[in-house]
Structures are given as C-alpha cells and as structure tokens.
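Undergrad: Sharing a structure below in structure tokens format, with a few things to ask.
The values are calculated or read from the model by the stated rules, or taken from the named source; none is laboratory data. Please read these numbers as outputs of a predicted model, since none were measured by experiment. Here the Cβ positions follow ideal geometry from the backbone for every residue, glycine too, while neighbour counts run over all protein chains shown. Ligands, DNA and RNA are excluded from the accessible area calculation, which covers all protein heavy atoms including side chains. Shrake-Rupley method; radii C 1.70, N 1.55, O 1.52, S 1.80 Å.
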Amino acid sequence: MAEKLALVGIGKIARDQHIPAINANPDWSLAAAVSRHAGVDGIDHFQDIDALLENRPDITVVSLAIPPQPRFDYAAKALRAGKHVMLEKPPGQSLAECFTLEQMAKEHGVTLFATWHSRHADNVPALKAFLAERTLKRLKITWKEDVRRWHPGQEWIWEPGGMGVFDPGINALSILTEILPYPVHLTGATLEFPENRATPIAANLDFADPTGAEMSAVFDWRQEGPQTWDIDIETDRGCAKLSLGGERLEIEGAPATQGANHEYANLYARMAELVKTGRSDVDLSPMIHVCDAFSLGRRLTTDAFHF
Ligand code: NAP
C-alpha cells in the first residue's frame, strides 16, 4: 500500500520536482501540504508542522522542501512524532544540527534521508565506475550560474545559514564525494562576499588528494549567458567530462550517456527503499567541505548585490 506523505514548503523545488516525482511513484501518496502561503490543489493543507502533526496522525513520512534555516525545527518535531523524514539539500544550516537529527532518528526508530539530488543524476554511477578503474590526475569543478535566473527573489540564500553560492555549489561537492574512491580534504579557499550580503557570491576551493591529483573548484553566481555545471577529469587512462550538472557524460570526447533527468524519481525510490528496510542515509561529507570553506576561506568584499 502507498505510504502517506506530507510535503512541507510549497516553493520552487516542491513544484518543479517533488510533486511530479511523488505523483509518479505508486509507493507514495501525497496526503498533505504544509506551507504558509501556498497549497496543492486537492490536497489537505496546513499552515505549519504542528497543525499537520496534530490533525493527520495517519501520515507516516514528512518531506521537507523548505530552506535550510527553518529545517531543523520542522525535522525535529516530525522525528519526535515518530515520522520518517526526508531532507532537501543541504540537510541543515550547520553540521551539529544534522548530527542531532541523525541521533534523534535512531532514538525514535525512524528513517532519516539527507538527500543529495545531484548524486542521483543518471550518469553519476557511470562516472564513479570510470574512476574506480583509473588513477586520477586532475579534477576541476566549474559551477557558474546566474543567481537572478535560478533564485529570483530568494532572500534566504543571502542570510546566514543560506550558504550563498554554496547552495548550488554543494551539489557539485555531493557528486565529487560520491564518485571519488577515497576522501579528500579542503586546503584553502577564497570567498567573495557582496558588501551588502551575509553569504558569498563566488568561491574558489583547493583540495588535497591523497594520490597527489590536482583538485579544485570554482563557484560563481555572476554568470550571464550560457550556464556551466561541469566536472572535468583527467586520469592515467583517458578523460571524462560530466556537464549540465550530471545530465551529460562524455568519455574521451564521445557521449557516454545522455537522457532524461531522473534525480527526484531516484530520490523518492531510494526513500521508499529506506523506509521499507528500516534504514537511514545521512552522508554529511559535502556539507563538511562547505563548513571547511567557511572556516579556511580568505574573505574578499565585492560589489553589492541587488535582485
Ligand atoms: P523557495 O522556493 O524559496 O522556498 C520553498 C518554500 O519554503 C517557500 O515557498 C516557503 O513557503 C517555505 N519557507 C521559506 N522560508 C520559510 C521559513 N522561514 N519557515 C518555513 N517555511 C519557509 O526555495 P526552493 O528553491 O524551493 O528551495 C528549497 C530547498 O530546496 C533549499 O534547501 C534548496 O537548496 C533546495 N533545492 C532547490 C532547488 C531549486 O532549483 N530551486 C533545487 C534543488 C534543491 P511558504 O512561504 O508558503 O511557507
């Protein structure tokens, strides 16, 4: 029987991805929406998580598609009420919040899934397999997009906990930490903060790879025209390029695979499997790199940003 799910935060990503993915999967029934200003046609609607938990005890799973700053309180209430919880990325606004939620899920015997949608792009497993059989020489992440186009009017990304350019950048880091056969760590960073904002608009990151490969990332939110979400890889036996955030993979310049984007379908399939098997999935390694960038990063001030 389909599991009854409540979707919290009916904003951009809920409408673009979550609702279609939930409706397309027979394991799920979208039973309620929680949002202060928006609802979903034909679905029970609540203003906040307290009202949901009080009125719909039949709902077993809560999926949180709100910004990271309010996420901990919503997740903690849902876990305490014995609900399985799915977190949009990033899983919180700080690491300690995520550790606490992980512990709470264990104590209440429920599933917690810290999702990384970019990891579930169809080409990521093929790139991981490519790397598993080769020695990495060089890896360069280039994630450059136009913040006005992708985050119109979203003030929360500029507030503490909103992460600024790391909001998309963490997607690249979630792919990096999935495809590498070993962990790497950040050695230095430069972060550019608009003079009127609390989070960075651009960042350069350098990593230490235990095998000596060169590894770096550049994130920039000021890119107009063509948008770039690429990972370029050189190994001892050939090159690979993942582009469009994971939608396209080329190996030695030839298209390996390209197809529809199933990231959110894959996420909801994974959540169904985790709930059925009574497990959690909380990998915080992408978040650790972001926190290290804020810790190690040299801060530069740049032009004010206005939408
Ligand atoms: P959004 O449209 O700005 O926000 C989603 C909804 O969350 C809002 O519509 C709002 O609904 C609710 N919300 C905002 N602030 C809140 C608060 N303080 N307390 C409670 N609810 C609040 O953002 P989004 O783009 O959907 O992003 C949400 C999350 O998904 C972020 O973590 C983001 O990183 C992730 N994500 C976004 C994208 C994307 O392309 N946009 C892609 C992948 C993942 P109400 O005002 O009606 O309550």
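Undergrad: Suppose we filter A32, A75 for residues that are within 15 Å of the ligand (Cβ to nearest atom) and not in a strand (DSSP E or B); which single one remains?
TA: One residue alone meets the criteria, A75.
Undergrad: Can you name the residue in segment 160-207 that is open to solvent by 10 Å² or more (accessible area, probe 1.4 Å), β-branched (V, I, T) and closer than 23 Å to H120 by Cβ and, of all such residues, is nearest to the chain's Cα centre (by Cα)?
TA: Looking at the filtered set, the residue picked out is T177.
Undergrad: Collect the residues in segment 227-249 that are modelled with pLDDT of 95 or more, open to solvent by 50 Å² or more (accessible area, probe 1.4 Å) and over 13 Å from A172 (Cβ atoms), keeping them in residue-number order.
TA: Residues satisfying the conditions are E234, D236, R237, C239, K241.
Undergrad: Does V218 count as closer than 16 Å to L139 by Cα and β-branched (V, I, T)?
TA: yes
Undergrad: Now, a different point. Would you point out which residue out of I19, I13 is aliphatic (A, V, I, L, M), part of a helix (DSSP H, G or I) and within 9 Å of the ligand (Cβ to nearest atom)?
TA: Every option except I13 fails the conditions.
Undergrad: OK, next. Pick from K128, K106, K140, K144: which is of a type in the set (D, E, K, R) and buried (at least 16 other Cβ atoms within 10 Å of the Cβ)?
TA: Exactly one residue qualifies, and that residue is K144.
Undergrad: Among the numbered criteria (1) more than 22 Å from the chain's Cα centre (by Cα); (2) over 22 Å from V165 (Cβ atoms), which one does A304 miss?
TA: Evaluating A304 over (1) more than 22 Å from the chain's Cα centre (by Cα); (2) over 22 Å from V165 (Cβ atoms) leaves (2) as the failure.
Undergrad: Among the residues of segment 254-264, count how many are open to solvent by 60 Å² or more (accessible area, probe 1.4 Å) and modelled with pLDDT of 85 or more. Spell out how you get there, then give the answer.
TA: Start the filter on segment 254-264 by keeping residues that are open to solvent by 60 Å² or more (accessible area, probe 1.4 Å), which leaves 255, 257-258, 260-262.
Still in the list and also modelled with pLDDT of 85 or more: 255, 262.
Matching residues across segment 254-264 total 2.
Undergrad: Restricting to segment 43-58, what's the tally of residues that are assigned to a loop (DSSP other than H, G, I, E, B) and closer than 17 Å to G11 by Cα? Before you say what the answer is, go through the steps one by one.
TA: Filtering segment 43-58 down to residues assigned to a loop (DSSP other than H, G, I, E, B) leaves 43, 47-48, 56-58.
Adding the requirement that they be closer than 17 Å to G11 by Cα leaves 43, 47-48.
Of the residues in segment 43-58, 3 are assigned to a loop (DSSP other than H, G, I, E, B) and closer than 17 Å to G11 by Cα.
Undergrad: Restricting segment 147-159 to residues that are near the ligand (Cβ under 10 Å from one of its atoms) and open to solvent by less than 50 Å² (accessible area, probe 1.4 Å), which is nearest to T199 (Cα to Cα)?
TA: I157
Undergrad: If a residue has to be part of a helix (DSSP H, G or I), open to solvent by 50 Å² or more (accessible area, probe 1.4 Å) and closer than 29 Å to S295 by Cβ to count, how many in segment 78-103 make the cut? Reasoning before the result, please.
TA: Step one: of segment 78-103, the residues part of a helix (DSSP H, G or I) are 78-80, 95-103.
Imposing the further condition that a residue be open to solvent by 50 Å² or more (accessible area, probe 1.4 Å) reduces the set to 80, 96, 99-100, 102-103.
Restricting the remaining residues to those that are closer than 29 Å to S295 by Cβ gives 96, 99-100, 102-103.
Count: 5.
Undergrad: For segment 48-69, which positions are within 13 Å of the ligand (Cβ to nearest atom) and open to solvent by 50 Å² or more (accessible area, probe 1.4 Å)?
TA: Across segment 48-69, the qualifying residues are D48, D50.
Undergrad: On to the next question. Those residues that are of a type in the set (D, E, K, R) and more than 25 Å from N204 (Cβ to Cβ), I need them from segment 129-154; list them, please.
TA: Matches in segment 129-154: E133, R134.
Undergrad: Within segment 266-275, identify whether any single residue is touching an Asp or Glu at 6+ places or on another chain (Cβ under 9 Å) and among the polar types (S, T, N, Q), and answer yes or no.
TA: yes
Undergrad: Tell me, please, whether a residue that is within 19 Å of A114 (Cβ to Cβ) and either part of a loop (DSSP other than H, G, I, E, B) or in contact with a helix residue (DSSP H, G or I) (Cβ under 6 Å, 6 or more places away or on another chain) (or both) can be found in segment 199-209.
TA: No, because not a single residue in segment 199-209 is within 19 Å of A114 (Cβ to Cβ) and either part of a loop (DSSP other than H, G, I, E, B) or in contact with a helix residue (DSSP H, G or I) (Cβ under 6 Å, 6 or more places away or on another chain) (or both).
Undergrad: Check T115 against each of (1) within 16 Å of the ligand (Cβ to nearest atom); (2) surrounded by fewer than 22 Cβ atoms within 10 Å (Cβ to Cβ) and name the one condition it does not meet.
TA: For T115, the exception is condition (2).
Undergrad: Residues of segment 13-34 being within 16 Å of P70 (Cβ to Cβ) and under 18 Å from the mean Cα position of the chain (by Cα), which ones?
TA: Once the filter is applied, which keeps residues that are within 16 Å of P70 (Cβ to Cβ) and under 18 Å from the mean Cα position of the chain (by Cα), segment 13-34 yields I13, A14.
Undergrad: Among the candidates R299, R279, which residue alone is within 29 Å of C98 (Cα to Cα), assigned to a loop (DSSP other than H, G, I, E, B) and modelled with pLDDT of 95 or more? Break it down into steps so the answer makes sense when it comes.
TA: Values: R299 fails: assigned to a loop (DSSP other than H, G, I, E, B).
Selected residue: R279, the only one of R299, R279 that is within 29 Å of C98 (Cα to Cα), assigned to a loop (DSSP other than H, G, I, E, B) and modelled with pLDDT of 95 or more.
Undergrad: Collect the residues in segment 122-171 that are assigned to a helix (DSSP H, G or I) and hydroxyl-bearing (S, T, Y), keeping them in residue-number order. So that I can check it myself, show each step before the final result.
TA: Within segment 122-171, the subset assigned to a helix (DSSP H, G or I) is 124-132, 147-150, 155-158, 166-171.
Correct list: empty.
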